[in-house]
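Comments concern the structure below.
The values are calculated or read from the model by the stated rules, or taken from the named source; none is laboratory data. Quantities reported herein were computed from a predicted structural model and do not represent experimental measurements. Reconstructed Cβ throughout: ideal geometry from the backbone, glycine too, with neighbour counts over all protein chains shown. Only protein heavy atoms, including side chains, enter the accessible area calculation; ligands, DNA and RNA are left aside. Shrake-Rupley method; radii C 1.70, N 1.55, O 1.52, S 1.80 Å.
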Amino acid sequence: MTTLPHFLNDGPDLWPDTPCKERPELFVDSSRTTPLKEKTTSAKALCARCPVRDACADYAIDNDYRDGIWGGLTVDERDVLARERVTADATD
């Protein structure tokens, strides 16, 4: 069973129709933490045209989602972004 991002299941009405609704199986693979490379590439292509891509990535980082593609980023890429934000905040 594919787990959909929270905002696709029952999230706030402010989320528009997002491209990931077209192919949710690309974003989380039930047998893996991160989908296989070919699925990741396809998921990222859908994310590239999403109007809430940045908010989606922020949502995953803020809620420590450890699986799937969110905002066009894998969990490793989200971890890097989160660390960069902490470092930037510390230098401000």
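Report, by residue number, each residue of the range 59-74 that is surrounded by 14 or more Cβ atoms within 10 Å (Cβ to Cβ) and polar (S, T, N, Q). If you could, list the steps in order and put the result at the bottom.
At the first step, the residues of the range 59-74 found to be surrounded by 14 or more Cβ atoms within 10 Å (Cβ to Cβ) are 59-61, 65, 67-74.
Of everything in the range 59-74, just one residue is surrounded by 14 or more Cβ atoms within 10 Å (Cβ to Cβ) and polar (S, T, N, Q), namely 74.
Surrounded by fewer than 17 Cβ atoms within 10 Å (Cβ to Cβ) and not small (Gly, Ala, Ser), is that true of residue 86? Spell out the reasoning first.
Working: surrounded by fewer than 17 Cβ atoms within 10 Å (Cβ to Cβ): yes; not small (Gly, Ala, Ser): yes.
Yes.
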Say whether the condition of being open to solvent by less than 40 Å² (accessible area, probe 1.4 Å) and either at pLDDT below 85 or charged (D, E, K, R) (or both) is met by at least one residue in the range 46-58.
no
